[in-house]
Each structure stands twice: as structure tokens, then as C-alpha cells.
Amino acid sequence: MNADTVTSIESMSHNPSISPKLQVVKPSGLTKAEDTILARLKHGDEGAFDELVNQHHSALIRMAMNYVADREVAEEVVQDTWMAVIESLNRFEGRSSLRTWICGILIHKAKDRGVREKRHTTFSAFESSDDDNDEAVDPSRFQQTGDWAGHWAFPPQPWDDQTPEKLLASKQAVDSMQRAIETLPATLKEVLILRDVEGVEAKEVCELLKITETNLYVRLHRARERVRAAVETALG
Amino acid sequence: MKDHRPQWIQSGPSCRNVAGLASEYLDDCLPVLTNVRVGLHLASCADCRIYMKQMALVCEVAAGLPKQYPSPITRLRLRQHFACCHSPSS
Ligand SMILES: [Zn+2]
């Protein structure tokens, strides 16, 4: 990747296709923590680099898996991304957040690798996830007619262990969730990974993927509902 | 964001409406009026409370999924490259 590409990734937060509501004008896209770590990185602090890798490596691997077919290639793409980050760090001006910049480099490299390997998700699959008007929750679970139209006909049943800790301790629940996430279409998977698995703020996800907040929530809700339904099936 | 369910102003949302807005409700990004309507519905509907709780759990459990780290050899390679490009003395 050349310097122009890295710079253009950094400029993503000023993309005119993003809704005006999302274009917050600010002198720096960096959080205070990122500002601190960036200063340490630029002074050659290897501990800071380790922290950066630990913080973002999971997200990068999961994102890369969206565009390439296997884990081994995803690892290579992520390693290339880290190399590009190291080499471009001194040119990073902080106009976007550090995470947005790094994820942008990853997406660029992973798409490029996916295209070269002809294994990337087809564009039709990308387009289908929010062009149609399908509801996230299966409409047949609601009353269709009568005074109670729109109310639950087949309501969700409570899960026995309704705490995150107990669910995480349940191999069955975690496995079903991971499988559900793996099998999501690319456009649903990327929003769920960024927003829920990695905890990226909604506004930042929109900037990164160049989508509107409305699109984000259409996709995110479908993704979450599919994962919820998978856990429901596994525990039911 | 615009309130995209104006018909609720008179009647209040159905369970189907509430289920459809669960993600925005959980992320606290609904318009104020819609947010209040959804909250009122949840106060009186046990089924929707279960649905909302399950969606919240999905988000929380997703956040707690196992982290992934580079292999020791990859980490070593990255550290060496970092040291080479950003040595404090350079
Ligand atoms: Zn209800």
C-alpha cells in the first residue's frame, strides 16, 4: 500500500457520502488514550506497540476472515496490515481515530487479497442485506390478524441462565453463537464484529464502513437477531 | 434520527414494532418519543422484556468472546520491524 492510500484511509471520516449528522468536525479523531499511545509509539516504545497489537488483533483477524477464505490467509493479511501501520505511523496525523485508520488499512488489504484470490464475497451478497425490507424477526412469530395483530404469537422463552457470565460459561451457547457469527453474510458480520465483539462506537463503525446510521442499525439488528435465534435454538 | 413510526403516537407500538427497534433501543439512539413509547410497552409486556433481555445478552456475550493474539513468531517479527522503524535512537 502506498502513502496516498494510507492518507486516503485517514481521510475517511470526512467522506461526503456520510450523513451530515455523522460528520462531527473536530480537530483530532483521537481519543485521549489513543493520543497517549500514539505519542509513545512515535517515541519507539515497544510496550506501546504490544498494547496496540493486543487491543486490535482480534478485530483485524475477524474482519479479514470476512474477505478471505481461510484463517492462514487472514493471518497473513493482518501481519501485512501491522507492517503497514508500523511503516506509516509517522505519517498518521490523527484526523481519524487510530482504530479507524488501522481497520481501514486492513479492509483495503483484505479486499485486495480476496479479489486476487477470487474468494471474496460476491457483490450481490453485499448488496442484498439492506436493500430488501425483510424484518429481522421472523414475522410468523407475531399474530397476523385480529385485535392482537402485531403481538407475539410465539414469544421467546426465557433462557435458564440469563446472565452473560453463565452464558459465556455454557460451551453450547458460546459455540452456537460463534457458529452463528461465522455464517452471517459479510455485511452483517462486519457490523456485529465491530460494534458488539470489539465495542467500536456506532459513529465510528459508520465512518469505517462508509454507511449511514440507518443502514448500520438495519444490518446490526439483523445480525444480532440471527445470533439470538441461534442461541435460542441451541438452548431450546 | 427521525421518528419513523408516527402512527404510534396514538396507539403505541406493537410487540412486532418493539422487536424491530430492539437494537436501536439498546444502543440508546432512538428519538425521544419513540424511546418513551418502547419503554412504556416494555413495562407492560413480559414477552418483549424477555426478547429485549436476550438481545442485550447477545451483545454482552459477543463482547466477551475469546480474544485472539498473534502467534509468538508473528509477534517477534512485528516487534523487530517496529524496533527497526521506530528505534528511540533513530
Ligand atoms: Zn410486547
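Brief remarks follow.
- Helices (runs of 4 or more DSSP H) fully within region B:19-90 that include at least 1 residues being among the hydroxyl-bearing types (S, T, Y) and closer than 30 Å to A:L38 by Cα: B:72-86.
- Residues that are in a helix (DSSP H, G or I) and open to solvent by 50 Å² or more (accessible area, probe 1.4 Å) occur in region A:61-74; there is at least one.
- Residues of region B:48-62 satisfying the condition of being more than 15 Å from the ligand (Cβ to nearest atom) and more than 7 Å from chain A (Cβ to nearest Cβ): B:A56
- Within region B:23-47, being within 22 Å of A:R226 (Cβ to Cβ), away from the ligand (no atom under 11 Å from the Cβ) and open to solvent by less than 30 Å² (accessible area, probe 1.4 Å) holds for B:S23, B:E24, B:C29, B:L30.
- Residues in region A:134-155 that are outside any loop (DSSP other than H, G, I, E, B) and open to solvent by less than 60 Å² (accessible area, probe 1.4 Å) were compared, and the one that is nearest to the ligand (Cβ to nearest atom) is A:W152.
- Of all residues in region A:175-208 being at negative phi, free of Cβ contacts under 8 Å to residues at least 60 places away in the same chain and not in a helix (DSSP H, G or I), the one that is farthest from the other protein chains (Cβ to nearest Cβ): A:T183
- Scan of region A:76-88 for residues that are under 17 Å from A:R116 (Cα atoms), within 11 Å of chain B (Cβ to nearest Cβ) and buried (at least 20 other Cβ atoms within 10 Å of the Cβ), ordered by number: A:V78, A:T81
- Residue in region A:197-205 that is under 15 Å from the mean Cα position of the chain (by Cα) and open to solvent by less than 10 Å² (accessible area, probe 1.4 Å) present: yes
The values are calculated or read from the model by the stated rules, or taken from the named source; none is laboratory data. Please read all numbers here as calculations on a predicted model, not as lab measurements. Positions of Cβ are backbone-derived with ideal geometry, glycine not excepted, and every protein chain shown enters the neighbour counts. What goes into the accessible areas is simple: the full protein's heavy atoms, side chains included, and nothing from ligands, DNA or RNA. Shrake-Rupley method; radii C 1.70, N 1.55, O 1.52, S 1.80 Å.
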